[in-house]
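This report refers to the structure that appears directly beneath it.
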Amino acid sequence: MTIPLFDIKTPLAPLQATIIKRVTEVIESGRFIFGPEVEGFEHELAEYVGTRDAIGVGNGTEALMIAARALGVGPGDEVVVPSFTFYASAEAIAAIGARPVFCDIDKDTRNVTPDSVRPALSAKTKAIVAVDLCGVPAEVPAIRKEFGLPVIEDAAQALGASLDGQRAGALGDIGAISFFPSKNLGAFGDGGAITTDDPELAEKVRALRFHGSRNKESFEYIGYNSRLDAIQAAILRIELAHLDEWCSGRKAAYAAYLKAGLAEYVGVCTPPQGSDPAWYLCMNTHPQADAVIAKLKAAGVSARSYYRKPLHVQPAMAPYVNAGPQPPLPVTDELAATNLVVPISPVLTEAQATEVVAALAAN
């Protein structure tokens, strides 16, 4: 039997009856936009992350856009973004008229650091996007301290992770979270949230997500129609109570990989000191990554690469790359060519981890 890259169904199976009951209650209530389920989830998410506020929005991409807008980012501004990440991290910046300037990442952590960000800074830099790639928290506090610039923490892959005891989503000036179904906390469709300790940012986010209005009568900004709906909020409230358990399962799966000898056959991630990753992805490196992926698939192990074409070489990003100085990105280029991702989930067993490593050893 094939070992899937993501196992979404198994962790949710015990919750199915509860979820159906709660969704039925929302349908019967007739409250589909905002209302008690959304407010309840926002409160519970803020308490979980450890921020003053959490504000539900339509998806993770809009979370990034609205977060940047709330910080005052706009046309003429530059925002530093890692190139080795999902397209939305930069797309959200370009979509509001600012220029994404791409920075490199650290080879060991696969995340931005003060040293990787520094060459991309200029007098026009308005903010920095720090992505918690693969569920490993980026060194956001060090970046904030070093440069004194607002940091948007793209925590889409890292809900449940922490750094020095502080949860992902609470490390930056403002955080953006995705509830895409495959994420550590996944909705039954699209959904997202923005987290912050700054009450002024929170109020601006609330206005921007609803057409730029605070009261449905006066419209202060050109905003968005970006709302987390009540059915998704109801589902996420149920799941949130199990997130730490699921993250513990992911950590156990990663530990099983290391115990089975994963690091003997591929280059593994080295999380920053003080971090407790949530392991959304188990991303490794190998000089013949594509050949290894093909052999793993032949052995019944789902495997793939991510971000083979990093953002600084994507066609839509060419105008921004060419608009001004762009530092070289050697680590990004190397990792893009050599990464391979193997299965990980809250329910990946030690036997499955051993089977994956055995398949790697056979290569």
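Taken together, the values in this text are just the output of simple stated rules run on the coordinates, not laboratory data. Model, not experiment: these values are computed from the prediction. Every residue, glycine among them, receives a Cβ derived from its backbone with ideal geometry; neighbour counts consider all protein chains shown.
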> So what's the Cα pair-distance distribution over segment 243-361, bin width 5 Å, in %?
Replying inline: 2, 11, 18, 20, 17, 13, 9, 6, 4, 1, 0
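Where does each of K183, K107 land when they are ranked from fewest to most other beta-carbon atoms within 10 angstrom?
Numbers: K183 23, K107 16.
With the sparsest Cβ surroundings first, the list reads K107, K183.
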>> I'd like to know which of V313, P325, Y257 lies farthest towards the positive end of the charge dipole of segment 243-361, counting +1 on Cβ of Lys and Arg and -1 on Cβ of Asp and Glu.
In response: V313
>> Taking the Cα centre as origin and putting +1 on Lys and Arg beta-carbons and -1 on Asp and Glu beta-carbons, what dipole magnitude results for segment 1-54, to the nearest 20 debye?
In response: 240 debye
> Give me the log10 of I(q) over I(0) for segment 1-122 at q = 0.12 Å⁻¹, as the Debye formula computes it from C-alpha points; what are the numbers?
Replying inline: -0.73
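For the cross-link pairs K9/K251; K126/K251; K126/K204; K21/K183; K145/K259, which exceed 25 Å when the distance is taken from alpha carbon to alpha carbon?
On the way: K9/K251 19 Å; K126/K251 36 Å; K126/K204 17 Å; K21/K183 23 Å; K145/K259 36 Å.
Violating the 25 Å Cα-Cα cut-off are K126/K251; K145/K259.
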> Amide H neighbours of R304 under 5 Å, counting only residues 5+ apart in sequence or on other chains, H built in-plane at 1.01 Å?
Replying inline: V341
>> Suppose every Lys and Arg Cβ carries +1 and every Asp and Glu Cβ carries -1, with no other charges. What dipole size does the chain come out with about its Cα centre, to the nearest 20 debye?
In response: 660 debye
> Which of I27, I174, I238 moves the most in a Gaussian network model of the chain with Cα springs under 10 Å?
Replying inline: I27
>> Taking θ = phi - 60°, what integer Hz values does the Karplus form 6.51 cos²θ - 1.76 cosθ + 1.60 yield along segment 221-229, in sequence order, with x for Gly and Pro?
In response: 9, 7, x, 9, 9, 10, 10, 6, 7
> What's the extension gain from A316 to K145 if we count 0.36 nm per residue and subtract their Cα-Cα distance?
Replying inline: 58.3 nm
>> Report the Cα-based extents of the chain along its three principal axes, largest first, to the nearest Å.
In response: 66, 55, 36
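Using only the alpha carbon atoms of segment 112-208, find the Kirkwood hydrodynamic radius as the inverse mean reciprocal pair distance, in angstroms to one decimal.
So the Kirkwood estimate lands at 13.9 Å.
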> If you take the Cα Rg of segment 161-215 and divide it by 2.2 N^0.38 Å, with N the number of residues, what do you get?
Replying inline: 1.30
>> From the phi angles alone, apply the Karplus equation (6.51, -1.76, 1.60; θ = phi - 60°) to segment 209-219 and give each ³J(HN,Hα) in whole Hz, x where the residue is Gly or Pro.
In response: 6, 10, 6, x, 10, 9, 9, 6, 10, 10, 10
> Using the Karplus equation 6.51 cos²θ - 1.76 cosθ + 1.60 (θ = phi - 60°), what ³J(HN,Hα) coupling, rounded to whole Hz, does each residue of segment 256-264 give in order, writing x for Gly and Pro?
Replying inline: 5, 4, 5, 4, 7, x, 3, 5, 6
>> For a quick check: with amide H placed at 1.01 Å from N, whose amide H comes under 5 Å from I152's, ignoring anything fewer than 5 positions away on the same chain?
In response: I128, V129, A130
> Rounded to the nearest 5, what is the percent of antiparallel bridges among the DSSP beta bridges in the chain?
Replying inline: 60 percent
>> Run the helix sum for the chain: -39,500 (n - 2.57) per DSSP H stretch of 4+ residues, divided by residue count, reported at 222 nm to the nearest 500 deg cm²/dmol.
In response: -11000 deg cm²/dmol
> Among A351, A63, A176, which one moves the most in a GNM of the chain with springs linking Cα atoms closer than 10 Å?
Replying inline: A351
> Separation of segment 229-247 and segment 291-357 by C-alpha centroid, Å?
Replying inline: 28 Å
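Computed FRET efficiency, Cβ-Cβ of Y87 and K297, R0 35 Å: what is it to the nearest 0.05? Let's see the in-between values first.
Details: r = 25 Å, r/R0 = 0.70.
It comes to 0.90.
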>> Considering only C-alpha atoms, what is the centroid distance from segment 137-197 to segment 52-79, in Å?
In response: 12 Å
